[in-house]
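This report refers to the structure that appears directly beneath it.
Read-outs: derived from the displayed coordinates by stated rules, not from any lab. These numbers were taken from a predicted model, which means no experiment stands behind them. Virtual Cβ from ideal backbone geometry, glycine too; neighbours counted across all protein chains shown.
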Amino acid sequence: AFSLVSFMVFLNPAQASIFDFNLWGADSKLNKENYESAVNDYLKIQAKDPSNQRLNYNLGIGLYRIGAFDNAAFNFQQTAEQAKSPALKERALYNLGNALFQKEDYENAVKAYEAALNIDPDDEDTKYNLELAKKKLEEQKQDQNKDDQKKDQDKKDEENKDQNKDQDNKDDQKQDQNKDDQNKDQDQQNKQEPKEQKSEPKEKKGSLSEQELMMLLMQVQEG
């Protein structure tokens, strides 16, 4: 049998805090979906133990759940960079991708999912999220191109308007009427087009327990 005492030999002083009862309490709140309170507890502990991998990862989960995607992404990034276990690194990268996806930073979300797949090429959820992020990235680029074209057209329209400012009021009214008709046609077309349903990435990799972290560290030691 692998005793707790013998396992502690493998831990350095920075890792010994995984047995902190305050951290267990924060984990309990997280598992009970009391996310804001759990985040507050994690932040207090993090100030004393900034390199704790389990804390940073679970704090990222809590921040993600309350919609603080910027801070969640930061903590998942920190965990991925510090993780000694490939499995923990893969989990952190997966959730980093999800946080970036929610920020609509699809380009970096794609990179995070691809990095996670490099560790676990058979993960179906990561593959799904990667394809979804790629699709969103392509749509984002298309929308940006449309915005750029509209800005160029608006600029040309403004220049044309300045050049033709001496035309009589009748011509101006005719142009305005044409624009109004075009806008009405566009509005009618937009109303007829079905609205696209928002797609969300799959979220399967939740919080990390002390037992799971022990197993991950044991795998690194045995490897």
> How would you order 135-146, 115-126, 54-65 from highest to lowest mean count of nearby Cβ atoms within 10 Å?
Replying inline: 54-65, 115-126, 135-146
> Dividing the alpha-carbon Rg of region 50-123 by 2.2 N^0.38 Å yields what?
Replying inline: 0.99
> Which of the residue pairs LYS103/LYS135; LYS84/LYS205; LYS141/LYS202; LYS135/LYS202 have a Cα-Cα distance greater than 21 Å in the structure shown?
Replying inline: LYS141/LYS202
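Please give me, ordered by residue number, the chymotrypsin sites (Phe, Trp or Tyr not before Pro) of region 93-140 that lie in loop per DSSP and have at most 15 other Cβ atoms within 10 Å. Spell out each step's value before the answer.
On the way: sites: TYR94, PHE101, TYR106, TYR113, TYR128; in loops: none.
The qualifying sites: there are none.
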